[in-house]
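Trainee: Please see the structure below; I have some questions.
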Amino acid sequence: MTLLEAAAALRRREASSAELTAAALDRIARLNPGCNAMQCVMADAARERARQADVELASGHGRGPLHGIPIAVKDLFATKGVRTTGGSKLFENYVPDHDAAVIELLQAGGAVLVGKTGMHELAYGITSSNPHFGAVRNPWDRDRIPGGSSGGSGAAVAGGMVFMAMGSDTGGSIRIPASFCGVVGLKPTYGRVSRYGALPLGFTLDHIGPLTRSVRDAGAVLNIIAGHDPRDPASSRRAVENYVPELQPSLRGLRIGLPENFYFDRLDPEVEAAVRDAFRGAESRGAQTVPVPVPDIAATNTVARVILLAEAAAVLEPHLDKRDQFGPDVLALLDQGRLLPATDYITAQRLRGEMQRAFHALWSRVDCLFTPTTPTTAPLIGETSTAIRGESEDVRLAATRLVRAVNVLGLPAVSIPCGYDRRGLPIGLQIIGPPFAEALILRVAQALLPVEAAAPRL
Amino acid sequence: MTKDWKKIARASGLPIPDEALERITPTLDALEADFRRLARDLPPEAEPAPVFCADRDGDA
C-alpha cells in the first residue's frame, strides 16, 4: 500500500491511524533486528500521535494526505526532545531543543513520526555501515549495503516499515539508497526545501527530500515540505506547485535527453540495458529521445569533491581534536579537507558558476535527462572496490559518479526503480530536470512507474 | 608538481598523524592534478557561484 492509498483508506474510515501505526511498529519489531534501518523507535509517542490523528480525522479536521500516516526521518534532522546523532559518536547525547523545518511541516501535516533512521556517519559516505551504530543492511539482500548516506531511510521504506522516510542528499545520499533499495528518492532543487535544523555537511550542496514507494507519494510529501523559510539563507521564494502527478500522465511532446558522453561510459551491462529500456518506455508514452552531449561531468565531480571536502572540514573542524570519535573513512575525508587551501575552495566555486552556465544551455534542447543513478546494483557490505566491465573502481567513487554533479548544479533529480539484475537487485533510473522542474520530473517518473515499487520478499 | 602534504600539514599546525597522511596522499595527489587542470583554464573574470545574499529577505 502506498502513502496516498493509506491516506485514502483513512479518509474512508477503512483504517485508522492507530492501526497503521501499530502495523508499522510491528513490522519494525520483526524486521529491524535484521537490517538496522531504524536507529531509534518512538513507539509510545507515535501511538499517542496516532490516537490524536484519529480523533482529529473523526471530527472532520483533516490536515492533508500525511495526516495519521506513519513516517520516519533520517537521524540528522533535529527533533525536539529526541536524541539526534547524525550517525556520529560526537552527538550521541545531543537532544535538540527545536525541530528541523521539515519536522515542523510534517508534524503540522499530521504525520506520525515512528522513529529515526540509521545513516552513514555524519552523512559523509555511501555505505551506511556505521562504526558507532552498526551497519544498515539492504532488505533485498542483507549482505549488501542499502547505499547512503540515507541508507536507513531507503531500507525502512523498501522494507515496508514506514510509508515515507525523509533523507538528505549532499552528493547522492537520497538517490543512491533509492537506487540500491528499489524505491523512489527525490532530491529537489537547491533552495526548494528548507535545510533549517538539518545537520549540515556541505552548506552549498545539502538538499532535503523524501524516499517513498511511489512517485505520487514523493510529490505529496514535497507539497508539504516545499516553500520559503527565512531561517535557511538559501531558501527560495519561488512559488510552489502541485507536485503530485496524474495517475497516467502523457509524455507527448516531451524531449528526453540521452547523454552522448559520460553517463553510459562505464556501467554494469544489466544496469545499462535497464536504463536504455526506460527510454523506450518513455517513447511509448509519447516522448521523444534526443541524444545530447552533456557538459563535462567528470570535471563537475572534481569541483564537487573540492567543495565538499572544504565545507565538511569547516563544519567539523571544532571536533577534529577528538580523532577517536570518527570512523576511519570519514576522518580520512575530513583530513583531506583540512589540507586544501582556501584558494582552491574559492576557485571551485568559480568553476561551479561556469559549469552551471554550461548546463543551463542544455535545457533549451531537452526537457529532462535520463541517466543511470548508480553504475551497479548494491555492493556487498565491506566491499571497498567494485569491478565494472573488468575495471576496478572505488565503491564510494563509483556510487557517487553519476549523481554528485547534480548537487553542484543544484538541479532537481529523482531516482526510480527501472529493473532488476540477475540476482534480483533493483536498478535505479535518474531523471534530472532544470531548476525547479520537480513537477515535470515527477510527471515523467510517474509515467514510467505508475504503480508502487516492487517490494522485497521478507 | 605534487604537493608535500606532510609539510603542508605541519606548516598549518594540523595534528594529522603521518600514517593518516600517507593513506590520503594518493587521493589528494589525484584530486590535485584533476583540479589544477580545471583551474588553469578558468577565465579571470569568473566569479564564485552566488550563495551569500546581502539582502536576507532576497531570493537565493
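The values are calculated or read from the model by the stated rules, or taken from the named source; none is laboratory data. Note that the structure is predicted; figures quoted are calculated from it, not measured. Using ideal geometry, Cβ is built from the backbone for each residue, glycine included, and neighbour counts are taken over all protein chains shown.
Trainee: Assess whether residue A:8 counts as being part of a helix (DSSP H, G or I), more than 24 Å from residue A:177 (Cβ to Cβ) and touching a strand residue (DSSP E or B) at 6+ places or on another chain (Cβ under 8 Å). First the steps, then the outcome.
Mentor: On the way: part of a helix (DSSP H, G or I): yes; more than 24 Å from residue A:177 (Cβ to Cβ): yes; touching a strand residue (DSSP E or B) at 6+ places or on another chain (Cβ under 8 Å): no.
No, not satisfied.
Here's the yes/no breakdown for (1) part of a loop (DSSP other than H, G, I, E, B); (2) more than 9 Å from chain B (Cβ to nearest Cβ); (3) touching a His at 6+ places or on another chain (Cβ under 8 Å):
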residue: A:313; (1), (2), (3): no, yes, no
residue: A:321; (1), (2), (3): yes, no, no
residue: A:333; (1), (2), (3): no, no, no
residue: A:351; (1), (2), (3): no, no, no
residue: A:359; (1), (2), (3): no, yes, no
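Trainee: Separate question: If a residue must be out of contact with any helix residue (DSSP H, G or I) (no Cβ under 6 Å at 6 or more places or on another chain), in contact (Cβ under 8 Å) with a residue 60 or more places away in the chain and buried (at least 19 other Cβ atoms within 10 Å of the Cβ), how many such residues does segment A:233-244 contain? First the steps, then the outcome.
Mentor: As a first pass, look at segment A:233-244 and keep what is out of contact with any helix residue (DSSP H, G or I) (no Cβ under 6 Å at 6 or more places or on another chain): A:233-240, A:242.
From what is left, the residues that are in contact (Cβ under 8 Å) with a residue 60 or more places away in the chain are A:236, A:238, A:242.
Narrowing the set further to residues that are buried (at least 19 other Cβ atoms within 10 Å of the Cβ) leaves A:236.
So the count comes out to 1.
Trainee: Looking at residue A:338, is it within 14 Å of another protein chain (Cβ to nearest Cβ) and at pLDDT 95 or above? Working first, answer last.
Mentor: Details: within 14 Å of another protein chain (Cβ to nearest Cβ): yes; at pLDDT 95 or above: yes.
Yes.
Trainee: If residue A:252 satisfies every condition in (1) part of a loop (DSSP other than H, G, I, E, B); (2) within 14 Å of chain B (Cβ to nearest Cβ); (3) free of Cβ contacts under 8 Å to residues at least 60 places away in the same chain; (4) more than 21 Å from the chain's Cα centre (by Cα) but one, which is the exception?
Mentor: Only one criterion in (1) part of a loop (DSSP other than H, G, I, E, B); (2) within 14 Å of chain B (Cβ to nearest Cβ); (3) free of Cβ contacts under 8 Å to residues at least 60 places away in the same chain; (4) more than 21 Å from the chain's Cα centre (by Cα) is unmet by residue A:252, namely (2).
Trainee: While we're looking at this one, here's another question. Quick check on my filter: what residues within segment A:131-154 are crowded, with 24+ Cβ neighbours inside 10 Å, farther than 14 Å from residue A:373 by Cβ and in contact with a Leu (Cβ under 9 Å, 6 or more places away or on another chain)?
Mentor: A:138, A:139, A:140, A:145, A:149, A:153
Trainee: Mind checking which residues of segment A:68-98 are in contact with a strand residue (DSSP E or B) (Cβ under 6 Å, 6 or more places away or on another chain) and either modelled with pLDDT under 95 or charged (D, E, K, R) (or both)?
Mentor: Hits for segment A:68-98 are A:74, A:75.
Trainee: Taking segment A:68-92 only, how many residues are touching a residue at least 24 places away in the same chain (Cβ under 8 Å) and either surrounded by fewer than 15 Cβ atoms within 10 Å (Cβ to Cβ) or of a type in the set (Phe, Trp, Tyr) (or both)?
Mentor: We begin by selecting, within segment A:68-92, every residue touching a residue at least 24 places away in the same chain (Cβ under 8 Å); these are A:68-79, A:82-92.
Still in the list and also either surrounded by fewer than 15 Cβ atoms within 10 Å (Cβ to Cβ) or of a type in the set (Phe, Trp, Tyr) (or both): A:77, A:91-92.
So the answer is 3.
Trainee: Which of the following residues is in contact with a Cys (Cβ under 7 Å, 6 or more places away or on another chain) and of a type outside the set (A, V, I, L, M): A:419, A:390, A:433, A:410?
Mentor: Working: A:419 fails: in contact with a Cys (Cβ under 7 Å, 6 or more places away or on another chain); A:390 fails: in contact with a Cys (Cβ under 7 Å, 6 or more places away or on another chain); A:410 fails: in contact with a Cys (Cβ under 7 Å, 6 or more places away or on another chain).
Only one candidate qualifies: A:433.
Trainee: What are the residue pairs meeting all of these: first residue in segment B:29-42, first residue on the phi < 0 side of the Ramachandran plot and within 10 Å of another protein chain (Cβ to nearest Cβ), second residue hydroxyl-bearing (Ser, Thr, Tyr) and in a helix (DSSP H, G or I), Cβ atoms under 8 Å, and 6 or more apart or on different chains?
Mentor: B:31/A:302; B:34/A:302; B:35/A:302; B:35/A:347; B:38/A:302; B:39/A:347; B:42/A:347
Trainee: Take the residues in segment A:361-396 that are within 29 Å of residue A:292 (Cβ to Cβ) and among the polar types (S, T, N, Q), then tell me which one is nearest to the other protein chains (Cβ to nearest Cβ).
Mentor: A:386
Trainee: Looking at segment A:425-442, is at least one residue out of contact with any Phe, Trp or Tyr (no Cβ under 8 Å at 6 or more places or on another chain), within 22 Å of residue A:251 (Cα to Cα), assigned to a helix (DSSP H, G or I) and at pLDDT 95 or above?
Mentor: Taking every residue of segment A:425-442 in turn, at least one turns out to be out of contact with any Phe, Trp or Tyr (no Cβ under 8 Å at 6 or more places or on another chain), within 22 Å of residue A:251 (Cα to Cα), assigned to a helix (DSSP H, G or I) and at pLDDT 95 or above.
Trainee: Anything in segment A:298-314 that is surrounded by fewer than 23 Cβ atoms within 10 Å (Cβ to Cβ) and over 16 Å from residue A:339 (Cβ atoms)? List them, or say none.
Mentor: A:298, A:299, A:301
Trainee: Right, something else. Go through (1) over 22 Å from residue A:240 (Cα atoms); (2) among the polar types (S, T, N, Q); (3) part of a strand (DSSP E or B) for residue A:173 and report which single condition fails.
Mentor: If we test residue A:173 against (1) over 22 Å from residue A:240 (Cα atoms); (2) among the polar types (S, T, N, Q); (3) part of a strand (DSSP E or B), just (3) comes out false.
Trainee: Looking at residue A:209, is it crowded, with 20+ Cβ neighbours inside 10 Å and under 28 Å from residue A:1 (Cα atoms)?
Mentor: On the way: crowded, with 20+ Cβ neighbours inside 10 Å: yes; under 28 Å from residue A:1 (Cα atoms): yes.
Here the answer is yes, as residue A:209 does meet what is asked.
Trainee: Anything in segment A:282-311 that is over 24 Å from the mean Cα position of the chain (by Cα) and in a helix (DSSP H, G or I)? List them, or say none.
Mentor: A:283, A:284, listed by residue number.
Trainee: Hey, another quick one. Please go through segment A:77-94 and pick out each residue that is in contact with a helix residue (DSSP H, G or I) (Cβ under 6 Å, 6 or more places away or on another chain) and either in a loop (DSSP other than H, G, I, E, B) or of a type in the set (A, V, I, L, M, F, W, C) (or both).
Mentor: Result: A:77, A:85, A:86, A:87, A:88, A:90.
Trainee: State yes or no: is residue A:26 touching a Ser or Thr at 6+ places or on another chain (Cβ under 7 Å) and modelled with pLDDT of 95 or more? First the steps, then the outcome.
Mentor: Working: touching a Ser or Thr at 6+ places or on another chain (Cβ under 7 Å): no; modelled with pLDDT of 95 or more: yes.
Here the answer is no, as residue A:26 does not meet what is asked.
Trainee: If a residue has to be in contact with a strand residue (DSSP E or B) (Cβ under 6 Å, 6 or more places away or on another chain) and exposed (fewer than 14 other Cβ atoms within 10 Å of the Cβ) to count, how many in segment A:33-67 make the cut?
Mentor: Selection size over segment A:33-67: 0.
Trainee: Confirm whether residue A:47 is of a type in the set (D, E, K, R) and at positive phi. Steps first, answer last, please.
Mentor: Details: of a type in the set (D, E, K, R): yes; at positive phi: no.
Taking the combined requirement at face value, the residue does not satisfy it.
Trainee: Further question: Would you be able to tell me the number of residues in segment A:192-206 that are surrounded by 24 or more Cβ atoms within 10 Å (Cβ to Cβ), touching a Gly at 6+ places or on another chain (Cβ under 7 Å) and within 14 Å of chain B (Cβ to nearest Cβ)?
Mentor: So the answer is 1.
Trainee: Right, something else. With the condition kept exactly as written, say whether any residue in segment A:171-179 is among the polar types (S, T, N, Q) and under 18 Å from the mean Cα position of the chain (by Cα). Give the steps one after another, and end with the answer.
Mentor: Within segment A:171-179, the subset among the polar types (S, T, N, Q) is A:173, A:179.
Next, from what is left, pick out any that are under 18 Å from the mean Cα position of the chain (by Cα): A:173, A:179.
Yes, because at least one residue in segment A:171-179 is among the polar types (S, T, N, Q) and under 18 Å from the mean Cα position of the chain (by Cα).
Trainee: Tell me, yes or no, whether segment A:267-280 has at least one residue that is aromatic (Phe, Trp, Tyr) and within 22 Å of the chain's Cα centre (by Cα). Show your work before the answer.
Mentor: Of the residues in segment A:267-280, the ones aromatic (Phe, Trp, Tyr) are A:279.
Still in the running and within 22 Å of the chain's Cα centre (by Cα): none.
No, the conditions are met nowhere in segment A:267-280.
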